[in-house]
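Presented below is the structure to which this report refers.
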Amino acid sequence: MSDKGDRRQQAGLLEKPRPKTKRPPLYKVLMLNDDYTPMDFVVMVLQRYFNKDQEEATRIMLAVHYHGVGVCGVYPHEIAETKVNQVMSLAKAHGHPLQCVMEKE
Ligand code: TYC
């Protein structure tokens, strides 16, 4: 490269200008299995808070039942936190030990 081009590259002037929009970090909302929460309660929670239809909600519930943990959805921090809180308070209000947690992607 020419001396001039080399100097420009070293100065970072050949970088493509990019719009400075940062995507927010994403978090998986996970549901954990337990021996007591009724299956239909878990399916209802997946439909109500994670916008799943009956079929998808049942698929996720059974995956959690057989494998111990499953992903309900992936969201920015504040939305994931709200969903965890909504699930945990509804489970508590119904006396179910269902656990819902979030984890950075
Ligand atoms: N294992 C529960 C049962 O047999 C069902 C269940 C599924 C509970 C998923 C929690 O996240 C869960 N009733």
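The values are calculated or read from the model by the stated rules, or taken from the named source; none is laboratory data. Note that the structure is a prediction, hence the values are computed from the model and not measured. Positions of Cβ are backbone-derived with ideal geometry, glycine not excepted, and every protein chain shown enters the neighbour counts. Heavy atoms of the whole protein, side chains included, go into the accessibility calculation; ligands, DNA and RNA do not. Shrake-Rupley method; radii C 1.70, N 1.55, O 1.52, S 1.80 Å.
Does residue 53 satisfy being modelled with pLDDT of 95 or more, open to solvent by 60 Å² or more (accessible area, probe 1.4 Å), within 12 Å of the ligand (Cβ to nearest atom) and of a type in the set (Asp, Glu)?
On the way: modelled with pLDDT of 95 or more: yes; open to solvent by 60 Å² or more (accessible area, probe 1.4 Å): yes; within 12 Å of the ligand (Cβ to nearest atom): no; of a type in the set (Asp, Glu): yes.
No; evaluated as a whole, the condition is false for this residue.
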Quiz item: Does at least one position in region 23-35 carry a residue that is surrounded by fewer than 10 Cβ atoms within 10 Å (Cβ to Cβ), within 16 Å of the ligand (Cβ to nearest atom) and either at positive phi or modelled with pLDDT of 60 or more (or both)?
Solution: yes
Practice problem: Keeping to region 72-105, report how many residues are within 10 Å of the chain's Cα centre (by Cα) and open to solvent by 70 Å² or more (accessible area, probe 1.4 Å). | Solution: 6
Quiz item: Mind checking which residues of region 56-80 are more than 12 Å from the ligand (Cβ to nearest atom) and in contact (Cβ under 8 Å) with a residue 40 or more places away in the chain?
Solution: 73, 74, 75, 76, 77, 80
Quiz item: What are the residue pairs meeting all of these: first residue in region 24-43, first residue farther than 25 Å from residue 76 by Cβ, second residue within 6 Å of the ligand (Cβ to nearest atom) and open to solvent by 50 Å² or more (accessible area, probe 1.4 Å), Cβ atoms under 9 Å, and 6 or more apart or on different chains?
Solution: 33/65; 39/65
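Quick check, is residue 48 closer than 28 Å to residue 24 by Cβ, open to solvent by 50 Å² or more (accessible area, probe 1.4 Å), away from the ligand (no atom under 13 Å from the Cβ) and out of contact with any Gly (no Cβ under 8 Å at 6 or more places or on another chain)? Walk me through it before giving the result.
On the way: closer than 28 Å to residue 24 by Cβ: yes; open to solvent by 50 Å² or more (accessible area, probe 1.4 Å): yes; away from the ligand (no atom under 13 Å from the Cβ): yes; out of contact with any Gly (no Cβ under 8 Å at 6 or more places or on another chain): yes.
So residue 48 fits the description; yes.
Table: residues versus (1) within 19 Å of residue 83 (Cα to Cα); (2) in a loop (DSSP other than H, G, I, E, B); (3) touching a helix residue (DSSP H, G or I) at 6+ places or on another chain (Cβ under 8 Å).
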site	(1), (2), (3)
19	no, yes, no
36	no, yes, no
40	yes, no, no
45	yes, no, yes
49	yes, no, yes
57	yes, no, yes
63	no, no, no
